[in-house]
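Notes follow the structure.
The values are calculated or read from the model by the stated rules, or taken from the named source; none is laboratory data. Predicted model, so just to flag it, every value in this text is computed and none were measured. Cβ placement follows ideal geometry from the backbone for every residue including glycine, while neighbour counts extend to all protein chains displayed. Only protein heavy atoms, including side chains, enter the accessible area calculation; ligands, DNA and RNA are left aside. Shrake-Rupley method; radii C 1.70, N 1.55, O 1.52, S 1.80 Å.
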Amino acid sequence: KVLDNAEVIGTNSYWNKKILKEFGYNSEVIYPGCHPVEKLNFKREKIVLTVSTWDSGRKPEIYAEMAKRINGKVILAGHWAREDYKKEFISKYGRYVTVTGDLSEAELSLLYSKASVFVRFGFNERGPGGGVIEAFGYGVPVIVNEGLGSKELIKNGENGYVVKTLDEAVDRINEILDNPYKFSNYAWETGKALSWENHAKNLSNILKKFEY
């Protein structure tokens, strides 16, 4: 009923906009925002960071497979939906990846500032993934697959890569780890364009279209 009576629906990706259009709904894309840092950190570590709310559907074992083949350290940060699944995952893959569990904003900010690349695989996740946008705000290049809505934000070879396979992801990760600052400025520019301030302006412009 809410959707049927809405003049416009705000959605977080063009992928979702396409789905809504198929059902006859008018929508406008407005990406979530971030707080871009004021200054880039050029003392990065060989950290490959991924952030999410983890469950079996997000297939965290993929990152363990990546970790076996890259020239850096993979860190899985964020909340786990089930503590028993988290323990099971660590028992199987803890020698390959670091699992942080819940983090404070300050702890997460420190990880973003240290990371050389952010990786996130999605499986028909049409939203952009908040971690992707946050990573851009720290000037961290991003690698995603085609199953995540944030593929719309990636310009290949400029602020990151959209990959099709695990093998391709490994190659791109190692490429960035060999030259971790190559994409930093463009990634940061992407983050600044996605600031919460710009989000608010975009939302205001959408609302103005429907003022009476």
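Worth a mention:
- Theoretical gain in end-to-end length, residue 171 to residue 6 [0.36 nm per residue, Cα-Cα removed]: 54.9 nm
- Ordered from longest to shortest, the equivalent ellipsoid semi-axes for the range 1-108 are 35, 20, 14 Å, each the square root of 5 times a Cα gyration tensor eigenvalue.
- Positive contributions from Lys and Arg (+1) and negative ones from Asp and Glu (-1), summed over other residues with Cβ under 13 Å from the Cβ of residue 36, come out at -2.
- Amide H within-cut-off set for residue 69, under 5 Å, with H built and near neighbours excluded: none
- Averaged over its residues, the chain has an accessible area of 53 Å² per residue, based on protein heavy atoms and a 1.4 Å probe.
- Taking 0.36 nm per residue of separation and subtracting the current Cα-Cα distance, fully stretching the chain between residue 123 and residue 14 would add 37.6 nm.
- Taking the protein heavy atoms of the range 1-75 in the context of the full set of protein chains, the accessible area attributed to carbon and sulfur is 50 percent at 1.4 Å.
- The trypsin sites (Lys or Arg not before Pro) of the range 148-212 that DSSP puts in a loop, and whose beta carbon has at most 15 other beta carbons within 10 Å, are 155, 164, 182, 209.
- For the range 138-212, the fraction of 1.4 Å probe accessible surface lying on carbon and sulfur atoms is 50 percent.
- Relative contact order of the range 34-97, defined on C-alpha pairs under 8 angstrom at six or more residues apart (%): 38
- Distant-in-sequence amide H partners of residue 74 (H built 1.01 Å from N, under 5 Å): 48, 98
- Computed per residue of the chain from DSSP H runs no shorter than four, each worth -39500 (n - 2.57), the mean residue ellipticity at 222 nm is -11500 deg cm²/dmol.
- Relative contact order computed over the chain (Cα-Cα under 8 Å; 6+ residues apart), in percent: 24
- Fully extended contour minus Cα-Cα distance, from residue 22 to residue 79, at 0.36 nm per residue: 17.1 nm
- At most 14 other Cβ within 10 Å, DSSP loop - trypsin sites (Lys or Arg not before Pro), the range 32-124: 39, 43, 68, 69, 82, 95
- Span from the the range 15-46 Cα centroid across to the the range 75-132 one, whole angstrom: 19
- Residues of type lysines that residue 59 reaches as a straight line, Cα spacing below 28 Å, ignoring anything fewer than 8 places off in the same chain: 17, 18, 46, 68, 73, 86, 87, 92, 114, 151, 155, 164
- Taking all Cα pairs closer than 8 Å and separated by 6 or more residues, the relative contact order of the range 1-118 comes to 26 percent.
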